[in-house]
Amino acid sequence: MSEGSRHRIFSRLHAAARQSPVPVSQPPAMTIKTYSPKEKVEKLKTLMEAMRTEVYITGANNWIDKVKDVLKNREIKSLLYAPRTDIGKALEHQWEIAADDLPQLISYEKDIEQLKEMVFNVDAGITAVAGAIADTGALILWPSEKEPRLMSIVPPIHIAVLKADSIHNSLSEVMQKENWPTKMPSNVVLVSGPSKTADIEMTLAFGVHGPKELIVLILED
């Protein structure tokens, strides 16, 4: 490049940098629809069922009866659970007093290297849910030391237990109300249905990268 060409290029760049910035209009604020508690439950249920998720609305005091029905109908023989959670403690209590034949409870309490063979051969896993988003139909999974991510992604059937009063209108609402910026973990997962993927011929397959079935229990008081 000749010295003259280089000079013209830099002169144009310097001239452009001295120009006043072009004003950019601000977009209007996003309108967030607010739903009633009943509407949030129904909208979440409708959207998740459209993504091949099974959703059941049950009472907060008898949700384990619905879990038993789900396990029995699918002839599930083993259920992975987290013993240090409220769900895990409730399951243990019910299994101790139950007279009927129930699947084996597999406790996720040891190091994964000790549990690996069992975890990757279990029939189903059950976890709590941190919340849900009504306008997109998604669950919020918040993995922790007590309830690691493997519990919801490895078993072919994932049973998720959600409290109805933890369903939010939108993602922005839950981020603000729960103050996510100050306590964001390394892995927050939004789930709208069972794992699915498609190949180049658009053939849809379920369960390739996660559970083949997602069953959600919404607990109402």
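The table below gives the values:
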item: Residue that is open to solvent by 70 Å² or more (accessible area, probe 1.4 Å), touching an Asp or Glu at 6+ places or on another chain (Cβ under 9 Å) and under 28 Å from Asp135 (Cβ atoms), where the choices are Ile32, Ile57; result: Ile32
item: Qualifying residue in the stretch 12-23 (condition: within 21 Å of Ser170 (Cβ to Cβ) and open to solvent by 70 Å² or more (accessible area, probe 1.4 Å)); result: no
item: Hey, Ile159 β-branched (Val, Ile, Thr), touching a residue at least 60 places away in the same chain (Cβ under 8 Å) and under 13 Å from Thr127 (Cβ atoms) or not; result: yes
item: Neighbours by Cβ (under 8 Å, 6+ apart or cross-chain): first from the stretch 199-221, among the aliphatic types (A, V, I, L, M); second loosely packed, with under 10 Cβ neighbours inside 10 Å; result: Ala205/Asp199
item: Candidate set: the stretch 176-221, residues that are part of a strand (DSSP E or B) and open to solvent by 70 Å² or more (accessible area, probe 1.4 Å); chosen: the one farthest from Val67 (Cα to Cα); result: Leu204
item: Some residue of the stretch 143-165 being under 21 Å from Glu39 (Cα atoms) and part of a loop (DSSP other than H, G, I, E, B); result: no
item: Of residues in the stretch 164-175 being open to solvent by 60 Å² or more (accessible area, probe 1.4 Å) and aliphatic (A, V, I, L, M), the one farthest from Lys68 (Cα to Cα); result: Met175
item: Breaking point among (1) over 18 Å from Pro194 (Cα atoms); (2) touching a Lys or Arg at 6+ places or on another chain (Cβ under 6 Å); (3) buried (at least 16 other Cβ atoms within 10 Å of the Cβ), for Lys146; result: (3)
item: Selection status of Thr127, surrounded by fewer than 18 Cβ atoms within 10 Å (Cβ to Cβ) and either basic (Lys, Arg) or not in a helix (DSSP H, G or I) (or both); result: no
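Here's the yes/no breakdown for (1) of a type in the set (A, V, I, L, M, F, W, C); (2) more than 30 Å from Lys38 (Cα to Cα); (3) open to solvent by 40 Å² or more (accessible area, probe 1.4 Å):
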position: Ala98; (1), (2), (3): yes, yes, no
position: Lys116; (1), (2), (3): no, yes, yes
position: Val119; (1), (2), (3): yes, yes, no
position: Val122; (1), (2), (3): yes, yes, no
position: Asp135; (1), (2), (3): no, no, yes
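The values are calculated or read from the model by the stated rules, or taken from the named source; none is laboratory data. Keep in mind the model is a prediction, meaning the values are calculated, not measured. All Cβ positions, glycine included, derive from the backbone under ideal geometry; neighbour counts span all protein chains shown. These area figures cover heavy atoms from the full protein model, side chains too; ligands, DNA and RNA do not enter into them. Shrake-Rupley method; radii C 1.70, N 1.55, O 1.52, S 1.80 Å.
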